[in-house]
1. What FRET efficiency comes out for the pair Asp253/Asp156, r = Cβ-Cβ distance, R0 = 30 Å, nearest 0.05?
2. How large a share of the accessible area of the chain, in percent, is made up of carbon and sulfur atoms when the probe is 1.4 Å and the other protein chains stay in place?
3. Between Cys344 and Asn40, how high is the FRET efficiency from 1/(1 + (r/R0)^6) when r is the Cβ-Cβ distance and R₀ = 35 Å? Nearest 0.05.
4. Mean-square fluctuation check for the chain, GNM, Cα pairs under 10 Å: which of Ala59, Ala316, Ala370 is largest?
5. What are the extents of the Cα atoms of region 301-414 along their three principal axes, listed from largest to smallest and rounded to whole Å?
6. Kindly provide the GluC sites (Glu not before Pro) of region 162-271 that DSSP labels as loop, not H, G, I, E or B, and whose Cβ sees at most 14 other Cβ atoms within 10 Å.
7. Could you order Cys30, Cys330, Cys344 so the one with the most accessible surface comes first? Probe is 1.4 Å.
8. Can you send over the solvent-accessible area of Asp236, 1.4 Å probe, protein chains only, in Å² to the nearest 10?
Amino acid sequence: MGNVFEYRQGLLCCEGVELQKVAEREGTPCYVYSSAGILNAYGEYAVGLEGIPHRICYAVKANGNLAVLALLARAGAGFDIVSGGELYRVLKAGGDPEKVVFSGVGKTREEIEYALSEGIHSFNCESEAEIALISSLAVRLGRTASVAVRVNPDVDASTHPYISTGLKEHKFGIGIAEVRGVYDRAAALPGIALDGVSCHIGSQLLDASPLLEAAQKMLDLVDALRARGIPIRVLDLGGGLGVPYHAGDPRPDVPGFLSTLKSLVAGRDLFLMLEPGRSIVAESGALLARVLYRKKSGEKEFVIVDASMAELIRPALYEAHHEILPLRECRFGTVKADVVGPVCESGDFLAEGREVANVLPGDTIAAMTAGAYGFAMASNYNARLRPCEVLVEGESWRVVRRRETLAELVRGEQ
Ligand code: LLP
């Protein structure tokens with residue numbers, strides 16, 4: 001639990017706010033985010049990279065709420081986007097298009113045109129065909145698009161297979177062995193400035209050494225490309241640093257990682273970009289839920305709550321661990337139980353076989369470390385209304401997205 005969430009007099013608080021009050025006033029399920037936590041995490045990156053030319057492009061996919069984006073935009077962040085929708089969100093939140101990098105393996109013509117006309121900073125491209133398309137659209141719109149090729153550095157991120165991206169067999173990027181030819185062929189295309197290299201090897205890395213290994217490979221590539229006359233100016237190393245989901249997990253040493261990175265890059269006339277998502281927002285978010293029922297089936301105990309895989313799919317999808325804490329410290333010990341939601345799937349659980357507080361119907365709990373890829377991956381499955389989102393600032397909070405309504409559930413249908 002990051003220090004923005006802590007118990008005070010038996011009540012779980014986010015900054016100066018008792019979460020029990022939020023649950024009562026705003027209802028459940030409900031996501032709560034700490035603005036101080038988000039700004040601290042961003043600040044750690046900003047301070048860590050001071051002194052070298054750089055930009056921290058927050059990965060919008062982790063949590064795209066407008067209030068979160070606005071907070072980061074005001075702090076000076078750039079943004080890493082993977083769709084036209086994310087660009088729309090960034091612009092709505094007051095983000096500067098000149099600080100936006102567009103990543104992703106399948107950008108459509110419409111999305112590229114939108115990004116070009118808004119004047120974003122650059123594209124991270126994943127195939128030769130995509131570079132050719134950007135070139136032709138940029139010429140048509142009278143723009144020059146700054147382009148980096150996303151390189152697959154063939155580094156093992158040793159993370160969950162679904163969130164590992166940097167090996168040869170993955171769909172992402174262009175293999176480091178083939179990429180020089182791609183640069184040679186693309187260098188002559190009109191409408192683009194082929195001036196960057198980029199990579200992203202995976203997510204939830206608790207150990208930064210694969211990232212540093214990738215960085216070294218990318219620096220060697222920069223040297224090789226420059227030697228071929230391609231004027232590389234930008235190095236984008238993607239995101240990926242993890243957070244401790246389990247109470248006992250190691251915490252990645254962000255300042256240590258950044259200082260090593262800085263020493264690798266210093267003096268090489270490069271503009272360094274990073275695309276952290278999870279490490280900026282995960283620990284600053286929790287999903288509040290209310291206990292609906294308790295039930296026992298044979299020896300198995302179930303705690304049935306009003307949040308489900310529709311609101312937080314990470315346990316079902318990645319067997320991810322989120323600590324489950326009672327909003328009011330529980331006097332009745334613990335119980336080994338599955339914490340499950342109302343959705344009609346056996347995979348619908350927030351925790352399985354977990355020793356949790358012995359909570360009763362009406363009590364409220366929080367699934368912790370849910371600020372990243374929580375609401376962002378929420379769905380309307382089982383015709384559930386997407387939950388509200390609340391942003392805490394000091395002693396107060398505000399609803400930054402209200403709970404969906406039944407009418408919104410069928411909007412656009414006929
Ligand atoms: N840049 C690129 C190109 C990415 O694909 C990603 C994440 C990031 C940056 C941000 O990575 P981060 O700093 O958050 O690790 N839904 C999964 C995570 C998927 C990550 C996808 N790409 C989860 O809930 O664990």
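The values are calculated or read from the model by the stated rules, or taken from the named source; none is laboratory data. Source: prediction; values computed, not measured. Every residue, glycine among them, receives a Cβ derived from its backbone with ideal geometry; neighbour counts consider all protein chains shown. Please note that ligands, DNA and RNA were not included when accessible areas were found on the heavy atoms of the full protein model with its side chains. Shrake-Rupley method; radii C 1.70, N 1.55, O 1.52, S 1.80 Å.
1. 0.90
2. Percent of accessible area from carbon and sulfur atoms in the chain: 51.
3. Details: r = 40 Å, r/R0 = 1.13.
The formula returns an efficiency of 0.30 here.
4. Ala316
5. Each principal axis gives a Cα extent; for region 301-414 these are 49, 39, 26 Å.
6. The qualifying sites are Glu169, Glu178.
7. Listed by decreasing accessible area, they come as Cys344, Cys330, Cys30.
8. My reading of the accessible area for Asp236 is about 0 Å².
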